[in-house]
Amino acid sequence: MHLALGGLVGAGLVGALAGSGGGSGSSNNNDTKVINVPSKSKPSEIAVPSQFKEDAAVQPSITKSNKITSEPTESSVTIKPTNEAVDQPSTIEKTFDKQNLEQENTLTLLSEVDTQSQAETVNAAQSKDAETDNAATSEDTQPTALVKPDTKAANQLSNTENIFETKNKEQEATSQQSSEAENIVENLATNTENAAAAPIYQTGNYGNYYLYNHPVYGKYIDAAQFGTDPTGRQDSLRAINAALNAAHKENAAVYLSGNLYISDQIVLNQDNSGVTGLFGDGRGKTLVSFNKAQKGIFNSNSNEDDIREYAGILIDGQNHKTIADLSVKYTNPDFYRKGESYFGKVSGILVNDADHTLISKVEVSGANRAGVYFTSTQTLQPDPHSNIGRTYKARLIRNEVDEHYEHLPLGENNRIIDSYLHHNRVAGVLISYQKDFIADGNTLSWNGHKADGGTGYGIASMAGSYNYGITFTNNKTYYNYRKGLDVHDGDNIVIENNTSIGDRLYGIAVYNRLFPMDAVTITNNTISPTPSFRLPVDDNPEYKYHGYSGIQLQTNTQFRDFNHTEDGSFKITGNVIKGLDVYKDSYQTYGIEFRNHENKMDYQLDITGNIIEGTSSKYAIAIINNTQSKTGIKGSGSATIDISDNKINIGTITKGAMPIFINDYNHDGNLHGSVTVDNNSIKIRQHSDGSIEGIQMIGNAESYLVTNNRFELHGKMDKPIISLLGRHLNDTPDLDVTGNDIFTDLTTPLYKNWVERSNANVHADDNTHNTQTLPKEGQAAKPAAGATPDVEDTVSATDWDIGTDTIAGKPLNTEHDIHTIDRSESVVLQQADNDHTFDTDTANMPDLHDLLSAPALELSGVLGVPSHAIPANDANIMTYAQSWDIQDEYMQNEAPAYIM
């Protein structure tokens, strides 16, 4: 007989429990009973609706009602946390004023950027959600949603109604009496498989409550039995703490249900170390809201404030804890302060000095710092093994210890998975002082504030923190106000299979400041900016945020003297970057941008198999090396660079730039490394207004190979297609141009100076133009005259970043000599007077007046300001710090360039 389980619980077990005192456990203390609980649908991934609009009010007002926030759907609804509504689709509560609604209606997921491909992405996500939701009715019968023993949930039990069979198939479930239910339970006990599928409860060992067993989270206590208010009208903190106290004694988790308001934080620490975790009914179904006000502001110059007290849920010094299947919302309106990107101290969930933490299927919104924050305060304490009492962090910075130091504080093997972090002020997820950290399968959107370009990250590691082993996989970032995925300090980094849509300034960015970084892999990610989602004027108008990089990777942005034990390995492979479009003629517009500032470390860079498309860009791929140390010691310059198998399809390369740019400067002048540009497809659909039509290479590599590429270049053609400007002391590099096919709109033969060179030996063979074989030998007497960009009197590409007052471009006067300037998120206003700030050698730190003076800032390759300095080691040949410096005053004594 297939028994209707809803009727069984309604008339049978619940009645029996009520008769025995229900949740009080006042009788049958020695009995173990089976209680049937509804099977909870697996939370689906967050689908991005076709009309994905930002909330006009980023931070919600204080809520103590039975309304809860939930995941976004195209039709927003507000639901009550009643049992009847558990299976309804969850939504985010939206409040729009008319003006913001009209403005943000223009920001759809598919607007103006690769409509077809983005639609496929969104539809796939929605289909996956639908499949997941539909699969709820046919999932394994193990129950995952939990209810109190006296809860009537008949309408939720259809998923498991067939797991019970009796011999009487004609008897209806609704007619079962208490005695019959007990008989069924007894019969089921003889069936090992069915009995194991049903969770059991027993009376608690230390009070009048029940203990349950969850197939995922193990033994747990229901906080509702201690008096939580599921409507959110009353403070539930005391009841939750009582449940935590009982769970501590039982070594159990705590189950939360309903809309719970807490007046202060929920804490898992040494006092309740037996608690294994917290979990609820799912995102948007269980809600924990809090509104505790912060005191003071966060010190973003040091990033070392202890902000544990301001978290909604705190895990402090405890290992192997789980927080899952619930939402956390900060409802205090202190979310945005004009011009203050990093004032906030409040995080939804904070994990401090903890290992093996699992944050799973949570939703966090409204925090004025991070939705979820993993960190360590112990690292800022004096190391007892230090002779002079330096902190752990200070000893690491000074190379007194290394990452393998057994006492070094680290959060190890922490994870956040399948979670939804949105509308938080600084970041959805923020990490610091972590080892082997994983963020997988999360959705992160609308973090930051629309008026501020200085912050707003999907996931970021904190500047000035050491991190070893960071993995971001299968995450989705949508419309974050600065970057999608970001690493400010870290090593052994893997960023793979993520999707970034609409993130405002960067899709993916990785660099290091205070600690070495020598291994980064960025592979198989999909990145699509939205041209209309830009910031014309920042809330601090002194700064401009007009640039964009699909992928940016930088080493050693503060030009520190790191001791590397291994050569660098940097891989940017298999990524898709679509929708590039230059905004307000910003020079910092890149598909892929790599910058190296390592004075000692040799490296290999692979940029292979990527697809880069868009309406316009300054550069599709740019590699800029500056290996001179702070003290003036020049490094090796070029390295082993491989740019192969990429497909570039751009409408227009705008003024003063080029599709591929490689520049090595401030090096020792000796030949070093190699550059390979092989088997790429480079298509400029409309016209190139750049200084070079295809590829320019400036540097000291021993050899340059430009082979087997396809160039399809439309529009006016009058500049070199391939350019090499060799920089050396005693020798000349070799340029091999072989097997390239060039297609242009020219009806005449290709001009002879299509290959440009200075101080280089050139060999060209087996190249074609419009299917006609180009001569194997010829002469390019001197470089063609390139266009000089129109430069405004002042140019700004300011770039603040997480946790610092970072300046990478105060307004510059074009008369300044910026030969040594390279754009970098590297010049940082910081305090260095003791071990409790950025503890470092103060002799190496720039003074404030240096930070604010134009010559001290490094901006080459970005701002488009020409530099006409002539290196001392090459006084007779004009060389070029910038691609756009190729102009009429080229060279007075240029040696002829031969095509051999």
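The values are calculated or read from the model by the stated rules, or taken from the named source; none is laboratory data. Given the structure is predicted, the values throughout are model-derived calculations rather than measurements. Note: ideal-geometry Cβ built from the backbone for every residue, glycine included; neighbour counts use all protein chains shown.
Looking only at strands (runs of 3 or more DSSP E) that lie completely in region 578-621, which have at least 1 residues being within 25 Å of LYS544 (Cβ to Cβ) and touching a strand residue (DSSP E or B) at 6+ places or on another chain (Cβ under 8 Å)?
589-596, 611-617
Is there a residue being under 30 Å from THR391 (Cα atoms), surrounded by 24 or more Cβ atoms within 10 Å (Cβ to Cβ) and either touching a Cys at 6+ places or on another chain (Cβ under 9 Å) or in contact (Cβ under 8 Å) with a residue 60 or more places away in the chain (or both) anywhere in region 443-454?
yes
State whether one or more residues within region 238-249 are part of a strand (DSSP E or B), without any contact (Cβ under 8 Å) to a residue 60 or more places away in the chain, crowded, with 22+ Cβ neighbours inside 10 Å and not aromatic (Phe, Trp, Tyr).
There is no residue in region 238-249 that is part of a strand (DSSP E or B), without any contact (Cβ under 8 Å) to a residue 60 or more places away in the chain, crowded, with 22+ Cβ neighbours inside 10 Å and not aromatic (Phe, Trp, Tyr).
Which number in (1) within 39 Å of the chain's Cα centre (by Cα); (2) surrounded by fewer than 17 Cβ atoms within 10 Å (Cβ to Cβ); (3) in a loop (DSSP other than H, G, I, E, B) marks the one condition that SER691 misses?
(2)
Go through region 334-364 and report how many residues are in contact with a helix residue (DSSP H, G or I) (Cβ under 7 Å, 6 or more places away or on another chain) and either over 26 Å from THR276 (Cα atoms) or modelled with pLDDT under 95 (or both).
Qualifying residue count for the region: 1.
Yes/no per residue for (1) surrounded by fewer than 22 Cβ atoms within 10 Å (Cβ to Cβ); (2) among the hydrophobic types (A, V, I, L, M, F, W, C); (3) in contact with a Phe, Trp or Tyr (Cβ under 7 Å, 6 or more places away or on another chain); (4) over 22 Å from ALA701 (Cα atoms):
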residue: LEU535; (1), (2), (3), (4): yes, yes, yes, yes
residue: HIS564; (1), (2), (3), (4): yes, no, no, no
residue: LYS571; (1), (2), (3), (4): yes, no, no, no
residue: LYS618; (1), (2), (3), (4): no, no, yes, yes
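When you check GLY484 against the structure, is it within 26 Å of GLU412 (Cα to Cα), over 10 Å from the mean Cα position of the chain (by Cα) and either modelled with pLDDT of 95 or more or buried (at least 24 other Cβ atoms within 10 Å of the Cβ) (or both), yes or no?
It is false that GLY484 is within 26 Å of GLU412 (Cα to Cα), over 10 Å from the mean Cα position of the chain (by Cα) and either modelled with pLDDT of 95 or more or buried (at least 24 other Cβ atoms within 10 Å of the Cβ) (or both).
Return yes or no: is ILE297 within 25 Å of PHE335 (Cβ to Cβ), among the aliphatic types (A, V, I, L, M) and in the same structural domain as THR377 (by the TED database)?
No.
Would you point out the residue of region 716-731, among those that are buried (at least 16 other Cβ atoms within 10 Å of the Cβ) and part of a loop (DSSP other than H, G, I, E, B), that is modelled with the lowest pLDDT?
Taking the candidates together, the pick is HIS728.
In region 217-254, how many residues are within 20 Å of ASN319 (Cα to Cα) and hydrophobic (A, V, I, L, M, F, W, C)?
So the count comes out to 8.
For every residue, the table says whether it meets (1) in contact (Cβ under 8 Å) with a residue 12 or more places away in the chain; (2) in contact with a strand residue (DSSP E or B) (Cβ under 9 Å, 6 or more places away or on another chain).
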{"position": "THR357", "(1), (2)": "yes, yes"}
{"position": "ALA367", "(1), (2)": "yes, yes"}
{"position": "ALA370", "(1), (2)": "yes, yes"}
{"position": "SER376", "(1), (2)": "yes, yes"}
{"position": "PRO384", "(1), (2)": "no, no"}
{"position": "ASP402", "(1), (2)": "no, no"}
{"position": "PRO409", "(1), (2)": "yes, no"}
{"position": "GLU412", "(1), (2)": "yes, yes"}
{"position": "ILE417", "(1), (2)": "yes, yes"}
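ASP689 - would you say it is charged (D, E, K, R) and within 23 Å of SER616 (Cβ to Cβ)?
Yes; evaluated as a whole, the condition is true for this residue.
Can you report the number of residues in region 402-437 which are hydrophobic (A, V, I, L, M, F, W, C), surrounded by 19 or more Cβ atoms within 10 Å (Cβ to Cβ) and more than 16 Å from SER461 (Cβ to Cβ)?
1
Being surrounded by fewer than 24 Cβ atoms within 10 Å (Cβ to Cβ) and among the aromatic types (Phe, Trp, Tyr) narrows it down to one residue among TYR468, TYR457, TYR479; which is it?
Step by step, each of TYR468, TYR457, TYR479 is checked, and only TYR468 is surrounded by fewer than 24 Cβ atoms within 10 Å (Cβ to Cβ) and among the aromatic types (Phe, Trp, Tyr).
What number goes with the only condition from (1) buried (at least 18 other Cβ atoms within 10 Å of the Cβ); (2) outside any strand (DSSP E or B); (3) aliphatic (A, V, I, L, M) that ILE297 does not pass?
All conditions are met except number (1).
Specify the residue that is farthest from SER691 (Cα to Cα); the eligible residues are those in region 649-661 that are surrounded by fewer than 24 Cβ atoms within 10 Å (Cβ to Cβ) and out of contact with any His (no Cβ under 7 Å at 6 or more places or on another chain).
My answer is ASN649.
Kindly indicate which of ASP581, ASP585 is surrounded by fewer than 18 Cβ atoms within 10 Å (Cβ to Cβ), over 18 Å from ALA519 (Cβ atoms), in contact with a Gly (Cβ under 9 Å, 6 or more places away or on another chain) and of a type outside the set (Ser, Thr, Tyr).
Exactly one residue qualifies, and that residue is ASP585.
Return yes when PHE743 is farther than 23 Å from THR640 by Cβ, buried (at least 24 other Cβ atoms within 10 Å of the Cβ) and either without any contact (Cβ under 8 Å) to a residue 24 or more places away in the chain or of a type outside the set (Gly, Ala, Ser) (or both) and no when it is not.
No: the conditions fail for PHE743.
Does any residue of region 751-758 turn out to be within 25 Å of ASP645 (Cβ to Cβ) and in a loop (DSSP other than H, G, I, E, B)?
Within region 751-758 (the criterion being within 25 Å of ASP645 (Cβ to Cβ) and in a loop (DSSP other than H, G, I, E, B)), the answer is no, since none of the residues qualifies.
Name the one entry in VAL288, VAL254 that is more than 30 Å from the chain's Cα centre (by Cα) and among the aliphatic types (A, V, I, L, M).
None of the others qualify; the one that does is VAL254.
Looking at LEU671, is it part of a strand (DSSP E or B), in contact with a Pro (Cβ under 8 Å, 6 or more places away or on another chain) and not aromatic (Phe, Trp, Tyr)?
no
Quick one: which residue in VAL267, VAL275, VAL254 is touching a residue at least 12 places away in the same chain (Cβ under 8 Å), part of a loop (DSSP other than H, G, I, E, B), crowded, with 17+ Cβ neighbours inside 10 Å and of a type outside the set (S, T, N, Q)?
Going through VAL267, VAL275, VAL254 in turn, just one is touching a residue at least 12 places away in the same chain (Cβ under 8 Å), part of a loop (DSSP other than H, G, I, E, B), crowded, with 17+ Cβ neighbours inside 10 Å and of a type outside the set (S, T, N, Q): VAL275.
What's the number of the only condition in (1) of a type outside the set (S, T, N, Q); (2) over 30 Å from GLY673 (Cβ atoms); (3) in contact with a strand residue (DSSP E or B) (Cβ under 7 Å, 6 or more places away or on another chain) that MET517 fails to meet?
Checking MET517 against (1) of a type outside the set (S, T, N, Q); (2) over 30 Å from GLY673 (Cβ atoms); (3) in contact with a strand residue (DSSP E or B) (Cβ under 7 Å, 6 or more places away or on another chain), the one that fails is (2).
Which residue out of TYR457, TYR433, TYR468, TYR478 is over 26 Å from PHE515 (Cα atoms), modelled with pLDDT of 95 or more and not basic (Lys, Arg)?
So the residue among TYR457, TYR433, TYR468, TYR478 that is over 26 Å from PHE515 (Cα atoms), modelled with pLDDT of 95 or more and not basic (Lys, Arg) is TYR478.
Picking from THR640, THR627, THR631, which residue would you name as being crowded, with 24+ Cβ neighbours inside 10 Å, more than 29 Å from PHE533 (Cα to Cα) and over 24 Å from the mean Cα position of the chain (by Cα)?
So the residue among THR640, THR627, THR631 that is crowded, with 24+ Cβ neighbours inside 10 Å, more than 29 Å from PHE533 (Cα to Cα) and over 24 Å from the mean Cα position of the chain (by Cα) is THR627.
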